[in-house]
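First comes the structure, then the notes that go with it.
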Amino acid sequence: MNERRINHLKPGFNESGTYILYWMQQSQRVHYNHALLHAIELANQHDLPVVVFFGLTPTYPEANERHYLFMLEGLKDVKTWIEKLGMTFVFRFGSPEESIQPLLQDAAFLVMDYGYLRHQKMWRKHVLDVSKEKYQTLGIDLIDTDLIVPVRVVSDKAEYGAYTLRPKITKMFRDFRDFKTLTVVWNQKILNIPSDHNLIDIKKLVNVLDIDHSVKGSPLYHGGYIEASRLFSMFISEKASDYDLSNDPSKDLTSKMSLYLHFGQISSLELLDRLFLAQAQGQIKGESFDQYVEQLLVRRELAFNYVTYQKGYDQFESMTEPWAYQTMTSHEHDFRPYLYTKEDYISFKTHDPYFNAAMKEMVLTGYMHNYMRMYWAKKIIEWSPNYVYAYEMIKSLNNTYFIDGRDANSYAGIAWCFGKHDRAWTERDIFGKLRYMNAGGLERKFDIQSYVSRMNEYR
């Protein structure tokens, strides 16, 4: 593992500790997990067993049954593999920064995976502060394992766009193809530490959780590393060679990996390694390979740069560039021919059949084709009484219905629709100099009616 993945937050080692504790939160997987690898290596150095902890909070910001079901399907896999590998898995209800604390006293060392959003950072800071006050000898390391190149390694500032990040990250990423295999745990003692649930019957667990049950689980997409790996293998064998056409929503050529990357159920580094292997075997070539690497390495990591260095990444007043605010101010009072409500959107009752089809895909399945996400957000800007209303509507729908909502990519993608990581375009009504998208563009570029027909099959 490249040492630059490791942040040594607190020196120390509790000599009376009886295990190495890994707090798994962002990186909900066993495969290609540098934080788990680091915990195992520390345990082997001191002949200690490993305890893997996960804390489930029913009040996670804007999460609902769809998100919890997908996540818990993945955690069920994780528990199985952790125990097969000779480690103890502890699952507790409650906000994780609180529910982990009873385990700190007997831990010799704590390993945490990196959290990128504001509340995730606050959780980790709280545990660090508690340990400094109560557990002075406990050492703590923080590992950035969900990005190919750690966010603070590739850049120390907010990048203006993909074109400024691309040369930096393309120089570095080969040094971070740094995962070979998970080390075997030498001390495979399973400790008698109780969990709050055995994760056997996930649907039954979800039904009794005190969470928002208004949005049900996806009938198409199911969580976990095994499912993610299966879908990516299918993508490589059946779709990858045509990925250069993936902007076409009628062709269904995307990999769907954003759903699994969101919960850390599969590693972006594993996807990159498998992509290079597929290239070597002639399964993906040329422009298709380059385009997928661009999305996985440059565009995705640009989003994490955004939420790391743009403090107000989820607030309208601070999410985009000065020129964008200036043009929006100039067009604040432009006439809007159409104004729709949230109820209109989620009941598919706008005048635009392409927008309605995209909403069906989102509401009914938890996913939306990447190109349609841009069109969808641009239409909401066009059909809202003002830009603040539009931003909050887009964010609310995104975070409620998308399985991969509430994510760095989501916040960066929404901000892009308001000019972030983009440039000024020809000025027009309502949009000003923001990029404009219309139905005619979909009709010229794609067989968009085929997409509509496919979405109308969902009920």
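Contour minus end-to-end for E392 and Q45, with contour as 0.36 nm per residue of separation and end-to-end as the Cα-Cα distance? Before the final figure, lay out each step's value.
Values: separation 347, 0.36 × 347 = 124.92 nm, distance 5.00 nm.
Computed gain between E392 and Q45 is 119.9 nm.
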**Report entry** Alpha-carbon Debye profile of segment 127-232, log10 I(q)/I(0) at 0.11, 0.15 Å⁻¹
**Finding:** -0.82, -1.24
Report summary line: Taking a crude spin-label model, label points 7 Å out from Cα along the C-beta direction, the I226 to T80 distance in nm is 0.3 nm
Requested in this report: Straight distance only, please: which lysines reach the Cα of K251 with their own Cα at less than 21 Å, same-chain residues fewer than 8 apart left out?
Outcome: K239, K285, K360, K445
Report summary line: To the nearest 10 degrees, the tilt of helix 34-45 (Cα long axis) against the first principal axis of the alpha carbons of the chain is 10 degrees
Query raised in the report: Antiparallel DSSP bridges in the chain: what percent, to the nearest 5?
Result: 20 percent
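For every other residue with a beta carbon closer than 14 angstrom to the beta carbon of F263, add +1 if it is Lys or Arg and -1 if Asp or Glu, then tell me the sum. Walk me through the numbers before you get to the answer.
Values: positive: R29, R66, K76, K256, R406; negative: E73, D77, D113, D146, E227, D404, D407.
Local charge sum for F263: -2.
Using C-alpha positions alone, give me the convex hull volume of segment 316-455 per residue in cubic angstrom. Mind showing how you got there, number by number?
Numbers: hull volume 14.5 nm³, N = 140.
Hull volume normalised by residue count: 103 Å³.
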Query raised in the report: Expressed as an acute angle from 0 to 90° and rounded to the nearest 10, what is the orientation of the C-alpha long axis of helix 300-309 relative to the principal long axis of the chain?
Result: 80 degrees
Query raised in the report: Could you list log10 I(q)/I(0) for segment 46-85 at q = 0.27 Å⁻¹, which the Debye formula gives when each Cα is one point scatterer?
Result: -0.98
Requested in this report: Starting from the Cα of V215, step 7 Å toward the Cβ, then list every residue of segment 363-379 with an amide N under 14 Å from that point.
Outcome: 363-368
**Report entry** Within straight-line cross-link reach of K349, aspartates and glutamates at Cα separation under 16 Å, skipping those fewer than 8 residues along the same chain
**Finding:** E361, E382
Query raised in the report: Taking 0.36 nm per residue of separation and subtracting the Cα-Cα distance, what length does fully extending K349 through A439 add?
Result: 30.8 nm
Query raised in the report: How about segment 379-459: which chymotrypsin sites (Phe, Trp or Tyr not before Pro) there are in a DSSP loop, with at most 14 other Cβ atoms within 10 Å of their Cβ?
Result: W425, Y458
Query raised in the report: What is the local net charge at R166, summed over the other residues whose Cβ is closer than 12 Å to its Cβ (Lys, Arg +1; Asp, Glu -1)?
Result: -1
**Report entry** Partner lysines for K10 [C-alpha distance under 26 Å; skip if fewer than 8 residues away on the same chain]
**Finding:** K121, K125, K132, K134, K157, K311
Query raised in the report: What does the charge count near F179 come to, summing +1 for each Lys or Arg and -1 for each Asp or Glu among other residues with Cβ under 15 Å from its Cβ?
Result: -2
**Report entry** Per DSSP, loop chymotrypsin sites (Phe, Trp or Tyr not before Pro) in segment 148-182 with at most 13 further Cβ within 10 Å
**Finding:** Y160
Query raised in the report: How far is the Cα center of segment 337-356 from the Cα center of segment 212-239, in Å?
Result: 28 Å
Query - With eigenvalues of the C-alpha gyration tensor scaled by 5 and rooted, segment 375-459, Å - result: 22, 19, 12
Query raised in the report: So how tilted is helix 162-172 from the main axis of the chain? Cα-based, degrees 0 to 90, rounded to 10.
Result: 30 degrees
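Which order results if V208, V149, V298 are arranged by neighbouring Cβ count within 10 Å, fewest first? Kindly include the intermediate steps, with their values, before the conclusion.
Working: V208 8, V149 27, V298 18.
Going from sparsest to densest Cβ surroundings: V208, V298, V149.
Using the C-alpha atoms of the chain, what convex hull volume per residue, in cubic angstrom, is computed? Each step should come with its number before you reach the end.
Numbers: hull volume 66.6 nm³, N = 459.
Expressed per residue, the convex hull around the Cα atoms of the chain is 145 Å³.
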Report summary line: Binned at 5 Å starting from 0, the alpha-carbon pair-distance distribution of segment 3-145 in whole percents comes out as 2, 10, 21, 25, 22, 13, 6, 2, 0
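All of the numbers you see were taken from the coordinates with simple rules; none came from a lab. Quick caveat, the model's predicted, so the values are computed rather than measured. Glycine also receives a Cβ, built like all others from the backbone with ideal geometry; neighbour counts cover every protein chain displayed.
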